[in-house]
1. List every residue pair whose Cβ atoms sit under 9 Å apart, with the two residues 6 or more apart in sequence or on different chains, where the first one lies in the stretch 10-22 and is more than 11 Å from Ser50 (Cα to Cα) and the second, anywhere, is outside any helix (DSSP H, G or I) and of a type in the set (A, V, I, L, M, F, W, C).
2. Which numbered condition trips up Gln36, out of (1) in contact with a helix residue (DSSP H, G or I) (Cβ under 9 Å, 6 or more places away or on another chain); (2) at pLDDT 95 or above?
3. For the stretch 30-46, which residues satisfy the criterion of being surrounded by fewer than 14 Cβ atoms within 10 Å (Cβ to Cβ) and of a type in the set (Val, Ile, Thr)?
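The values are calculated or read from the model by the stated rules, or taken from the named source; none is laboratory data. Bear in mind the structure is a predicted one, so any value in this text is a computation, not a measurement. Neighbour counts run over all protein chains shown; Cβ positions are idealised from the backbone, glycine included.
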Amino acid sequence: MTTGSTQETDMGIGLGLALGLLAVAAAAYTFVAPGQFQTALGFAGAVTLSALCVAALHVWG
C-alpha cells in the first residue's frame, strides 16, 4: 500500500481556455482592423495563439 500523494491541477484547461479566448479576440480584431497590415497582424496573432492553445492542452492536459 503506497501512501504517496499525487497532485493534479487544471492548469492545462485554464491556460488553454485563456489562450483560446485571446485567439478569438485576435480573430475578431482581424475583421475590424482598418488596414491590410493590421489585418495581417490580427491573423498572425490568431494563428499563433491557436497553436499555443493546442500545445498547452497537449502538454498540461
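1. Matching pairs, first to second residue: none at all.
2. (1)
3. Going through the stretch 30-46, the residues surrounded by fewer than 14 Cβ atoms within 10 Å (Cβ to Cβ) turn out to be 31-32, 34-38, 40, 44.
Result: Val32, single match.
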